[in-house]
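Trainee: Handing you this structure, nothing more for now.
What follows draws every value from the coordinates through simple rules; no lab data is involved. Just so it is clear, the model here is predicted, and its values are computed rather than measured. Positions of Cβ are generated from backbone atoms using ideal geometry, with glycine treated the same way; all protein chains shown enter the neighbour counts.
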Amino acid sequence: MASSLWTDVEALQRLARSQRAALRGAGGTAMPESVPQGPFPPVPERPELEIQARDLTARLATGDYCDFFFVSGTELALVMADVSGKGVPAAVLRGVTRSVLRNLACPDIPPGRTLSRLNRILSAADLGAMFVTLFFGQYRTDTGLLRYANAGHPVPYRIGRGGEVTTLGEVTGPILGVLESQEYADKQEWLEMGETLVLYTDGVTEAANPAGEFFGPGRLFRLLAEHALEPPRRLGDLVGESIRSFQVGRPQDDATILVLRRNS
């Protein structure tokens, strides 16, 4: 793990150097031809949960990412993140952030401490104007406990068993990659059986139509409330279809959504 993490840090430092060189107009290290992109991870076949992710990319290379992976037999890591900027630089920082976080995540380390370590790595690379907003949760599939830390990312929604929609949690620290000494607090919530967690990037609520009107939190809230009891796959598809329709097929920003439902 250590060698892999060091490789990721070196890649991050190369990205930072190339960004600074580009700003000076003096060339610099070329961006890699292969941008970390790839599909979402395989959906775990576990009877105690359903999970579905959907992305609506505005460009071939995206800065949005969501990830989910088990850090133990019963603890599922959940990540929803948005890298500032567009195109190849954002996609490279996205890929490095994903890889570093997968190296750092551990069931014995609270999410806030993990984000503090990730922030120090990103800040030390001196990324200039680039930064990352990120929600990192560790969800216990056997109890419904969700421990999380939120670095300046939109707070998720919770859908109750009866279809009621509320926000879940709060922001526990600022964006990543700016203040090296920043520490991130931990919070926790519980998902009851039949409840649903909805994570998303601001490309969902900030999707704009040709008139310049934003999709907005209100439309997302009403959409989730109207289709609250749909299966996660269908709910994710409905959000994606609504955003595409609202933008009249002309997306200006990346948008990503993840839906998780506790079954037992």
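Trainee: How high is the FRET efficiency between Ile109 and Arg250 when r is their beta carbon distance and R₀ equals 35 Å, given to the nearest 0.05? Provide the component values of the computation, followed by the final result.
Mentor: Details: r = 42 Å, r/R0 = 1.21.
Step by step, r from the Cβ atoms, then E = 0.25.
Trainee: Using +1 at the Cβ of each Lys and Arg and -1 at the Cβ of each Asp and Glu in segment 72-119, identify which of Met80, Val92, Cys106 lies farthest towards the dipole's positive end.
Mentor: Val92
Trainee: To the nearest 0.05, what FRET efficiency results for Thr143 and Glu183 with a Förster distance of 35 Å applied to their C-beta separation? Don't skip to the answer; put the middle values down first.
Mentor: Values: r = 27 Å, r/R0 = 0.76.
Working from the Cβ atoms, E equals 0.85.
Trainee: Can I ask one more? With the contact rule set at Cα under 8 Å and sequence spacing of 6 or more, what percent relative contact order holds for segment 205-264? It would help to have the intermediate numbers written out before the result.
Mentor: Working: 48 pairs, mean separation 24.0, N = 60.
For segment 205-264, the relative contact order is 40 percent.
Trainee: Run the simple label-point estimate for Ser84 and Glu170 please: 7 Å along Cα→C-beta, distance reported in nm.
Mentor: Calculated label separation equals 2.5 nm.
Trainee: Report the extension gain between Ala208 and Phe221 in nm, rounded to one decimal, defined as 0.36 nm multiplied by the number of residues separating them, less their alpha carbon distance.
Mentor: Values: separation 13, 0.36 × 13 = 4.68 nm, distance 1.64 nm.
Extra length available between Ala208 and Phe221 comes to 3.0 nm.
Trainee: Find which of Gly137, Gly162, Val178 sits farthest along the positive direction of the dipole of segment 131-183, computed with +1 on the beta-carbon of Lys and Arg, -1 on that of Asp and Glu, about the Cα centre.
Mentor: With unit charges placed on the Cβ atoms, the residue in question is Gly162.
Trainee: For segment 95-207, what does the equivalent ellipsoid look like in terms of its semi-axes, each the square root of 5 times an eigenvalue of the Cα gyration tensor, given largest first in whole Å?
Mentor: Details: eigenvalues 137, 56, 24 Å².
Largest first, segment 95-207 gives 26, 17, 11 Å.
Trainee: Still on this structure: Would you mind ranking Thr172, Thr256, Thr74, Thr166 so that the residue whose beta carbon has the fewest other beta carbons within 10 Å leads the list? Walk me through the intermediate numbers first.
Mentor: Working: Thr172 21, Thr256 26, Thr74 15, Thr166 9.
In order of increasing Cβ crowding within 10 Å: Thr166, Thr74, Thr172, Thr256.
Trainee: Still on this structure, I have one more. Between Phe70 and Asn263, what's the calculated FRET efficiency when r is the beta-carbon distance and R0 is 25 Å? Round to 0.05. Could you put the intermediate results ahead of the total?
Mentor: Numbers: r = 17 Å, r/R0 = 0.66.
Plugging the Cβ-Cβ distance into 1/(1 + (r/R0)^6) gives 0.90.
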